[in-house]
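Input: a single structure, listed below in structure tokens.
The values are calculated or read from the model by the stated rules, or taken from the named source; none is laboratory data. These numbers were taken from a predicted model, which means no experiment stands behind them. For neighbour counting, all protein chains shown are included, and Cβ atoms are generated from backbone atoms with ideal geometry for every residue, glycine included. Calculation scope for accessible area: heavy atoms of the full protein, side chains included, ligands and nucleic acids excluded. Shrake-Rupley method; radii C 1.70, N 1.55, O 1.52, S 1.80 Å.
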Amino acid sequence: MVLSFFKKGESPLDRISHETVLMLGDARHSFDLASTALLAGADASAVSSDIRATDDRINAAEQRLRSELVVHIAVNGGDDIGVVMGYTLLLKKIERIGDQAKNILDLAEDGISLSGAPDIEEFLTRRQTISQMYVDAADILVSLHVDSARQFLDRSMEMNRECEQKIHDYMRSDEPGHWAVPRAVLHRYWKRIVANLAGIVTSAIEPIQSLDYTDNGSTDIVDD
């Protein structure tokens, strides 16, 4: 397994693994706040500083941990090079997920609100599912449970198929652009989040050459 050092006591990289899970928790925090502004009518200005500060914290942690990984290789030699490469990709994916929360916030700051819309329940249900996927991904990074990871990847692919279908539906809708465009854009952001969460989970169970792919390398799960 690429990130087998997630198991406590197996490697001096344990502290870095712990901080990575905390970063994923921060990303979920921003996602939930931004979603509240867009879907529940919360004041975007009231959550903006928190979301942006959290994003700065994620970015700073990514840079610091990448530097520590370089030092680890310099001090300990190349035995852990596969682990370090996998970890570097994982950190970048968390940073990208944080960026998507800012993109959702941008919609709310532009005056978009789906609160009270006739289809709001559909959006709230999908938002809750994605929010839980952050938790599930973090649990898999800690447990390295392969069956749970495979189930997560199946769910993520199904979620992204649903998002892709919704995007196509909105693009072909007879509704005015101010109705259809924000919905299509939000599903695009959701699709990117889920794809990056899937990439994070693959880092726990796949060798470095297979990261970002499933089905023995035949299916590309990246959506940047």
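Here are a few things to note about the model shown:
- Placing a pseudo-label 7 Å from each Cα along the Cα-to-Cβ vector at Thr129 and Asn76 gives an inter-label distance of 3.9 nm.
- A simple charge model with +1 on the Cβ of Lys and Arg, -1 on the Cβ of Asp and Glu and nothing else charged puts the dipole of the chain at about 240 debye relative to its Cα centre.
- Within the accessible area of the chain (1.4 Å probe), percent carbon and sulfur: 51 percent
- Value of relative contact order over the chain, rounded to a whole percent, pairs C-alpha under 8 Å and six or more apart: 27 percent
- Calculated mean residue ellipticity at 222 nm for the chain: -26500 deg cm²/dmol, from DSSP H runs with n ≥ 4 weighted as -39500 (n - 2.57), summed, divided by the residue count and rounded to 500.
- Dipole of the chain [Lys/Arg +1, Asp/Glu -1 at C-beta], most positive-end residue of Tyr87, Ala74, Ser45: Ala74
- Over the chain, accessible surface divided per residue gives 47 Å², non-protein components excluded, 1.4 Å probe.
- Extension gain, Arg161 back to Ala117 (0.36 nm per residue minus Cα-Cα distance, nm): 13.5 nm
- Helical segments meeting 15 Å axial Cα length and Kyte-Doolittle 0.0 threshold in the chain (DSSP H): 14-39, 81-109, 120-143, 177-205
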